[in-house]
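To start, the structure itself, in structure tokens.
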Amino acid sequence: MTTSERDTHGQEIGHEHRDVSGGWLRPAVFGAMDGLVTNVSLIAGVGGGGGSQQAIVLTGLAGLAAGAFSMAAGEWVSVTSQNELVGSEVDKERHELNTNATEEEDELVEMLRQRGLSAETAKQAAAEISAQPDKALMVHGSLELGVDPDELPSPYVAAGASLVSFSVGAVIPLLPFLLGFNVLGVALGLSGLAALVGGGLVARLTNRPFWVGALRQLLMGGVAAGLTYLIGLAVGGMAAT
């Protein structure tokens, strides 16, 4: 593999890592599954209580809107706070590099030795890195804080991914009622199929068997929907007496 190929491969791995750890992929996956489970549970509860098609559609749309905006706001606050915390730590590290350069270089030598480099190689690498302030800050940030100061996730991307994916997941159990099918079983069946596919795809992204993630997601969604259905059934029965 040539140097350019290694660089390209490293950039691709880094890009994928950022997507998974804090870019768009994590909030998109969580948003879609959360939207599906939340709305199928709401619909099951209202349907179990004897709610009309209009009541189910209203509940589903309200759940979709409230959940999507709540998820988006939560992701924005979470990622923004995380970035602010990282920024604060990076500023501290920058100050240490400017005021205690020798101690920071010795610290870098020790960290490199802990990662398998010989004393001579670690000293040479630390000296070369420390001679470039921006590079030194990036390496210290990576080794000490576990982040790249130049590659922090965007709170707007995370919020947008969460909002859109929650909406997509939430609309699935609502589709039959929007299309005029006032049959709860159809919505539950469609949601179960979506849970199987979604859970399986998430499992494949993490190199686990498709069926493990599929059955796990189906089980969690089924328990949530089943409990809310029983609550709706009980409340509906009390209201009828």
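The values are calculated or read from the model by the stated rules, or taken from the named source; none is laboratory data. Keep in mind that this is a model prediction, so the values were computed, not measured. Glycine gets a Cβ as well: all are built from the backbone with ideal geometry, and neighbour counts include every protein chain shown. Side chains are part of the model used for accessible areas, which takes the heavy atoms of the whole protein and leaves out ligands, DNA and RNA. Shrake-Rupley method; radii C 1.70, N 1.55, O 1.52, S 1.80 Å.
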- Item | Values of log10 I(q)/I(0), in the order q = 0.21 Å⁻¹, for the range 59-188 under a Debye, Cα-only, solvent-free model | -1.09
- Query: Hey, what did the chain get for relative contact order, percent, Cα under 8 Å, at least 6 apart?
  - Reply: 37
- What angle, in degrees between 0 and 90 and rounded to the nearest 10, separates the Cα long axis of helix 25-48 from the longest principal axis of the Cα atoms of the chain? 20
- Query: How much accessible surface does L233 have with a 1.4 Å probe, in Å² rounded to 10?
  - Reply: 90
- Message: Just to confirm the number: angle between the C-alpha axis of helix 3-22 and the first principal axis of the chain, 0 to 90 degrees, nearest 10?
- Response: 40
- Query: Hey, what's the Cα Rg ratio for the range 181-221 versus the globular rule of thumb, 2.2 N^0.38 Å?
  - Reply: 1.26
- Query: How far apart, in nm, are the 7 Å Cα→Cβ label points at E151 and E120?
  - Reply: 3.2
- Item | Relative contact order (percent, whole number), the range 37-176, Cα cutoff 8 Å, 6+ residue spacing | 44
- Task: Order L143, L188, most accessible first, counting only protein heavy atoms with a 1.4 angstrom probe.
- Result: L188, L143
- Note on the structure: In whole Å, largest first, the alpha carbons of the chain cover along the principal axes 82, 38, 27
- Query: Once you treat every alpha carbon in the range 46-99 as an equal point and sum by Debye, what is log10 I(q)/I(0) at q = 0.12, 0.29 Å⁻¹?
  - Reply: -0.52, -0.99
- Note on the structure: Here P(r) for the range 141-194, Cα-Cα distances in 5 Å bins, as whole percents, is 4, 17, 16, 12, 10, 9, 8, 7, 7, 6, 4, 1
- Message: Whole-Hz ³J(HN,Hα) for each residue in the range 228-238, computed from phi via Karplus 6.51 cos²θ - 1.76 cosθ + 1.60 with θ = phi - 60°, x for glycine and proline: what do you get?
- Response: 5, 5, 5, 4, x, 4, 5, 5, x, x, 5
